[in-house]
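Below: one structure, written as structure tokens.
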Amino acid sequence: MSDAKAVADRLVKSKRLNALLTPSKELRSALTAQAAAARPTGVLYGMPVAVKDNICTLEFTTTCGSRILEGYRSPYEATAVTKLKAAGALIAGKTNCDEFAMGSSTEHSAYGRVVHPLDKTRVPGGSSGGSAALVGAGALPAALGSETGGSVRQPASFCGVVGIKPTYGRVSRYGLVAFGSSLDQIGVLGRSVHDAARVLSVISGRDPRDATCEDRDPLRLPTVPESLQGFVIGLPREYFPAELDPAVRRACDRAVRLLRDLGAAVREVSLPHTAYAVPTYYVIAPAEASSNLARYDGVRYGPRFDGHADLRGLYRATRGQGFGAEVRRRILVGTYVLSAGFYDAYYRRAQQMRALIAQDFRNVFDRGVDLLFTPTTPSPAFKAGEKLSDPIAMYMSDIFTVTANLAGVPAISLPIGRVKGLPIGGQLIGQAFLEDEMLEAAYALERVVPATDEA
Amino acid sequence: MSVSRDDVLRIAQLAELDVEEDALPDVAEQMSRILDYVAQLSAMPASTNGTVKTFVPGPDAIRFRPDEVAPWPLAFGPAAFAPAFKEGFFVVPKLGQFE
Amino acid sequence: MAAGWETVIGLETHVQLRTKSKMFCGCSTAFGAPPNTQVCPVCLGLPGALPVPNGAAIRLAVRGALSLGCTVHPKSIFARKNYFYPDLPKGYQISQHDQPLATNGTLSFVSPERGIVNATIVRLHVEEDAGKSIHDRFPKATAVDLNRSGVPLIEIVGGSARVPTDAQAAARVHRHLRLRHGEGQSARRRQRVGAAGGCHGPQHAD
């Protein structure tokens, strides 16, 4: 059971990361109150868990890293948060993120960028950069993040922590501020597979408030296996291109050797439509976002911005000034691809491609493969400012992660080594609703992989 | 696929977003680059038989809710979070005279 | 009116389905409550809220479709109609576009001009209502009440009525459709001539 004061002290000490949006005073009093009220019988009793700021909480504000929700106090909380509290966890503040979860570096927050826990000149990844940085700095055992295109796994890889994206429909989205409704899932960052998986288990399960959440019991956690005998692990060749960073490749090769040593059968497979995944994602996600963000109009919540002589003026001033450049860009692209004359050329094509990408996974899993292993990111954490001028360069950091969101399958990133002192993650991709198999392999690999050794 | 200044204005209007005059060329250029990039999807042949096979994850059929008056809870009402609220109503400026 | 031109009025009728709760949330649909008191995160369009469809509303809509002789489709899809208006809290209306609940029915009525008319019903689909905008309560401002936001509706798109009196006769028949959940206050109807536009939206349940 964590002492509320000790937890608060550790979080306040990591202020330099700019990872936490909750002011220290409010955090301390909230933690003290929660610690007093927490149920001792809960499986997460006393565990402090921070929550990404695009997930609604009754404690603290919910800004989604945006000016358009500055100071907004949600009158309801996300189901995942309710479940955490029912299990005795302490909600340890709200974490900084790319605005409305749009970004891969947490440089697109209206509240300043988040700093990498090991190198202050670098980004922690995004959009769940605040959550990843806090866990990576040892300030917390776990934090909630969200995934739309890799926003939990990519920062997990950069910050040297575990990041899990569940199957779409495993965790309720009620209270997760929508970005791409057919892609979004709440995910977990944790200092170990066990910490992340425990939290995932608690927040998973049926919810009548989310019609896309499957009617299933919460995830049952597997035990740590003795060996991976009987597991067939596929290495999709499209994720190991010739131009892959040699150090990243070395780290992956080492992890694959360890998987073989553990008894798994490893074979090369192909996911032929992988090259189309990033463009497909960057049609579907902005399209859905343009619709999901239409509700931010200054009418019912959030601040109002100057310049509203009439209704249209209110809308345009609020949205023009309240949204940052990346969000505005995606809304414009999304509106464009959905508009008359372009719907078939872009959106419909992307939906068809998505079906082919999902079919690629089914084909591989139907042929006796249990899991896939790939690098999580093509490189370790890049420098702040490095990719800001070119949106496409930024989008390419999602190249190995977006496929799992498009196909709706679960995936986990765990640290597998260091590249010039910076952490790098390896990813296991599992079959829909078979997180337990994925976690078994992750547990086994975690025990043997030298995560802090140079590749 | 070149996005013009006028295209940006038209789309911005649809999205009710102000784009500053001097930002227009940059926004147009960035949008063009992004749309050029995603246009590689058209390399894929179009579905010829008219039926588009698409995929969305999640349950196959929607699960319904029983017809009961049981709203999901609100810890406090709109008066507490609305930017402008009077006599129980949300208040907004009127639509302009000459739209 | 110039010779050779015929007035064709497309009929679009919205009928409220008499359910106890709204289309996508558990708020009451009871009429006459003080403004913004029958609201919740869903029908307020709060960040993070999600729609969950009302099964009884679908059953009533199917009944209405069958009574009009429509073909009811086992699979239909909810789609979003995106536009901005203060009484439309999400910035989109959940409606049905490409695959509606029902198509191809017949509405038979007696026209004062033409005798018995068997007008085609092109389609019948399910959607949610918007809230209410009141323009004369405050000076230079619009007052918005979201109690009505999310109330279940069916939209019946009828064949063209050739003259205005046909439209009235058709409307009278609509009124007799047994779409009421129980007896009592009659279902509210609103008729609109013409068709609504709007961009396509992503086809997803929410």
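The values are calculated or read from the model by the stated rules, or taken from the named source; none is laboratory data. This is a predicted model, so every value here is computed, not measured. Virtual Cβ from ideal backbone geometry, glycine too; neighbours counted across all protein chains shown.
Points to keep in mind about this one:
- One residue alone among A:Gly169, A:Gly175 is small (Gly, Ala, Ser), within 14 Å of chain B (Cβ to nearest Cβ), surrounded by fewer than 24 Cβ atoms within 10 Å (Cβ to Cβ) and more than 14 Å from the chain's Cα centre (by Cα), and that residue is A:Gly169.
- Scanning region C:17-35 for residues that are surrounded by 24 or more Cβ atoms within 10 Å (Cβ to Cβ) and either modelled with pLDDT under 95 or in contact with a Leu (Cβ under 6 Å, 6 or more places away or on another chain) (or both) yields one hit, C:Leu17.
- Residue in region A:378-391 that is of a type outside the set (D, E, K, R) and within 8 Å of another protein chain (Cβ to nearest Cβ) present: yes
- For A:Gly138, the conditions (1) in contact with a Gly (Cβ under 9 Å, 6 or more places away or on another chain); (2) under 20 Å from A:Leu422 (Cβ atoms); (3) surrounded by fewer than 24 Cβ atoms within 10 Å (Cβ to Cβ) all hold with the exception of (1).
- The residue list A:Lys83, A:Lys15, A:Lys5, A:Lys25 contains one member that is surrounded by fewer than 24 Cβ atoms within 10 Å (Cβ to Cβ), more than 22 Å from the chain's Cα centre (by Cα) and at pLDDT 95 or above, which is A:Lys25.
- Residue within region A:256-279 that is of a type in the set (Val, Ile, Thr), in a helix (DSSP H, G or I) and more than 27 Å from the chain's Cα centre (by Cα) present: no
- Filtered by the rule that a residue be more than 18 Å from the chain's Cα centre (by Cα) and surrounded by 24 or more Cβ atoms within 10 Å (Cβ to Cβ), region A:394-443 gives A:Ile416, A:Gly417, A:Ala441.
- Within region A:309-354, the set of residues being touching a His at 6+ places or on another chain (Cβ under 7 Å) and more than 7 Å from chain B (Cβ to nearest Cβ) comprises A:Gly324, A:Glu326, A:Leu338, A:Tyr343.
- Region C:54-81 - residue that is surrounded by 22 or more Cβ atoms within 10 Å (Cβ to Cβ) and within 9 Å of chain B (Cβ to nearest Cβ) and, of those, nearest to the chain's Cα centre (by Cα): C:Ala57
- Boolean, A:Arg300 is more than 27 Å from B:Met31 (Cα to Cα), free of Cβ contacts under 8 Å to residues at least 24 places away in the same chain and crowded, with 23+ Cβ neighbours inside 10 Å: yes
- Qualifying residue in region A:390-408 (condition: charged (D, E, K, R) and free of Cβ contacts under 8 Å to residues at least 24 places away in the same chain): yes
- Note on region B:39-71: residues that are surrounded by 14 or more Cβ atoms within 10 Å (Cβ to Cβ), at pLDDT below 90 and more than 7 Å from chain A (Cβ to nearest Cβ) amount to 1.
- For the condition within 21 Å of A:His273 (Cα to Cα), part of a strand (DSSP E or B) and in contact (Cβ under 8 Å) with a residue 24 or more places away in the chain, A:Leu372 qualifies.
- Verdict on A:Arg312 being closer than 20 Å to C:Tyr83 by Cα and either surrounded by 20 or more Cβ atoms within 10 Å (Cβ to Cβ) or within 27 Å of the chain's Cα centre (by Cα) (or both): no
- Some residue of region A:112-126 being surrounded by 24 or more Cβ atoms within 10 Å (Cβ to Cβ), free of Cβ contacts under 8 Å to residues at least 40 places away in the same chain and either in a loop (DSSP other than H, G, I, E, B) or touching a helix residue (DSSP H, G or I) at 6+ places or on another chain (Cβ under 9 Å) (or both): yes
- Unmet criterion (only one of (1) surrounded by 19 or more Cβ atoms within 10 Å (Cβ to Cβ); (2) within 7 Å of another protein chain (Cβ to nearest Cβ)) for B:Ala28: (2)
- Subset of region A:258-279 [closer than 20 Å to B:Gln40 by Cα and in contact (Cβ under 8 Å) with a residue 40 or more places away in the chain]: A:Leu271, A:Pro272, A:His273, A:Thr274, A:Tyr276, A:Ala277, A:Val278, A:Pro279
- The C-beta contact set for region A:180-203 (first residue farther than 19 Å from A:Arg447 by Cβ, second residue buried (at least 24 other Cβ atoms within 10 Å of the Cβ) and modelled with pLDDT under 95, distance under 9 angstrom, 6+ apart or interchain) comprises A:Gly180/C:Pro202; A:Ser181/C:Pro202; A:Ser181/C:Asp206; A:Ser182/C:Pro202.
- Selection from region A:300-317 of residues that are part of a loop (DSSP other than H, G, I, E, B) and among the hydroxyl-bearing types (Ser, Thr, Tyr): A:Tyr301
- Residues located in region A:13-70, provided they are more than 14 Å from chain C (Cβ to nearest Cβ), out of contact with any Lys or Arg (no Cβ under 6 Å at 6 or more places or on another chain), in a loop (DSSP other than H, G, I, E, B) and among the hydrophobic types (A, V, I, L, M, F, W, C): A:Ala19, A:Ala38, A:Val43, A:Leu44, A:Met47
- Residues (at pLDDT below 95, of a type in the set (Gly, Ala, Ser), under 19 Å from B:Arg10 (Cβ atoms) and assigned to a helix (DSSP H, G or I)) located in region A:318-365: A:Gly320, A:Ala345
- Scan of region B:9-25 for residues that are at the interface with chain A (Cβ under 7 Å from one of its Cβ atoms) and at pLDDT 90 or above, ordered by number: B:Ile11, B:Ala12, B:Leu14, B:Ala15, B:Glu16, B:Leu17
- Set side by side, the residues A:Gly234, A:Gly230 differ, and just one is closer than 20 Å to A:Val364 by Cβ, out of contact with any Gly (no Cβ under 7 Å at 6 or more places or on another chain), without any contact (Cβ under 8 Å) to a residue 40 or more places away in the chain and not aliphatic (A, V, I, L, M), which is A:Gly230.
- Check on A:Glu77, touching a helix residue (DSSP H, G or I) at 6+ places or on another chain (Cβ under 7 Å), within 14 Å of chain B (Cβ to nearest Cβ) and of a type in the set (D, E, K, R): no
- Subset of region A:136-146 [assigned to a strand (DSSP E or B) and touching a helix residue (DSSP H, G or I) at 6+ places or on another chain (Cβ under 6 Å)]: A:Ala142, A:Ala143, A:Gly145, A:Ser146
- Filtered residues of region A:280-303 (kept if under 18 Å from A:Thr62 (Cβ atoms), out of contact with any helix residue (DSSP H, G or I) (no Cβ under 6 Å at 6 or more places or on another chain) and more than 9 Å from chain C (Cβ to nearest Cβ)): A:Pro303
- Meets criteria (within 14 Å of chain C (Cβ to nearest Cβ) and of a type outside the set (Lys, Arg)) for A:Val232: no
- Any hit, region A:250-272, residues being within 30 Å of B:Ala79 (Cα to Cα) and either surrounded by fewer than 19 Cβ atoms within 10 Å (Cβ to Cβ) or touching a strand residue (DSSP E or B) at 6+ places or on another chain (Cβ under 9 Å) (or both): no
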